[in-house]
Amino acid sequence: MKLIAHRGFSKYELENTKEAFLAAANRPYFGIETDISIIKNQAMILFHDDNLKRLTNIDKSLKDLTIEEAADIELNARETYHTYSYKIAYPKEYIRICKHYGKTPIIELKWGFTKELVDEVMKLLIQEDMYDKSIVICFTYELVLYIKERYPDMRIQYLLGMLYTEKAIEDCLSKNISIDLRYDLVTKELVDRFHEKGLEVNAWTVDDEETRKRLESWGVDYITTNILE
């Protein structure tokens, strides 16, 4: 079973920052996960939430944030982190860190994505020679289908959590789409169903050894974690 660092090594450095990606890159993770969000004028930053408030104390929606404003923002740092000051990171620097350290980029497509913006991400991966070395994950089934059809060689996983239904599982199986499932929804039977079709199962977000061992015994292919190594 392969381990993926959730938003970088976010136990040690602030999530989705260059420092978190480097901390993960220097540990034996298979991949490094991040969130690409769309801001004003269709620019892209690495940020999980749709509002800045949790990490900046600035109450502002990402859709109203310009790329110039993003560059000036200082992110909040807890005393437990190892860096005093953090800045917002961008897709290209993340991709280049993964490439340099031989890590698999696990790219979640977050807020504001259209098919045209998906194409921009794919173009970046091709330019950086990382297209065949990356995995894309997304909660939006229409975009997952678009990637599956438009970019058949791209490894894509449909993210499922609150919207989990048996129909969603059947849709993935019928379309040959792997899944990235909230860990408490994973069962051995489900893993077996996907493996019978040659598909993979990723589980998020696993931060305790007992759950890790159980999922590994069921044959889960990947787990995404904040703290496990």
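Starting with the fewest neighbours, write out THR187, THR104 ranked by other beta-carbon atoms found within 10 Å of each beta-carbon.
Values: THR187 11, THR104 19.
Arranged by neighbour count, lowest to highest, THR187, THR104 become THR187, THR104.
Out of all DSSP beta bridges in the chain, what portion is antiparallel? Express it as a percent rounded to 5. Each step should come with its number before you reach the end.
Working: 7 of 36 bridges.
The antiparallel fraction comes to roughly 20 percent.
Please state, as a whole number in µm²/s, the translational diffusion coefficient that the Stokes-Einstein equation yields for the stretch 121-195 at 4 °C and 1.567 mPa s, with Rh defined as the Kirkwood radius across alpha carbon pairs.
99 µm²/s
Can you put ARG78, ARG96, ARG7, ARG212 in order of Cβ neighbours within 10 angstrom, beginning with the fewest?
ARG78, ARG96, ARG212, ARG7
Output the relative contact order of the stretch 15-173, whole-number percent, from Cα pairs under 8 angstrom with separation of 6+ residues. Working shown, then result.
Details: 237 pairs, mean separation 34.0, N = 159.
Across the stretch 15-173, relative contact order equals 21 percent.
Fewest to most neighbouring Cβ within 10 Å: what's the order for CYS98, CYS138?
In order of increasing Cβ crowding within 10 Å: CYS138, CYS98.
Just from its helices, what would the mean residue ellipticity at 222 nm be for the chain, if runs of 4 or more DSSP H residues each count -39500 (n - 2.57) and the sum is divided by every residue, rounded to the nearest 500 deg cm²/dmol? Before the final figure, lay out each step's value.
On the way: 9 runs with 80 residues, N = 229.
Value at 222 nm, helices only, nearest 500: -10000 deg cm²/dmol.
Just to confirm the filter: which trypsin sites (Lys or Arg not before Pro) across the stretch 15-57 are DSSP coil and have at most 15 other Cβ within 10 angstrom of their Cβ?
In loop regions of the stretch 15-57 (DSSP not H, G, I, E or B), there are no sparsely surrounded trypsin sites (Lys or Arg not before Pro).
Any aspartates and glutamates with Cα under 13 Å of the LYS87 Cα? List them, leaving off those in the same chain fewer than 8 positions away.
Of all the aspartates and glutamates, those that pass the test against LYS87 - Cα under 13 Å, at least 8 places apart if same chain - are GLU13, GLU15, GLU19, GLU68, GLU69, ASP72, GLU74.
Since every read-out is calculated from the coordinates, none of them should be taken as a lab result. No experiment lies behind these values; they were computed from the predicted model shown. Neighbour counts run over all protein chains shown; Cβ positions are idealised from the backbone, glycine included.
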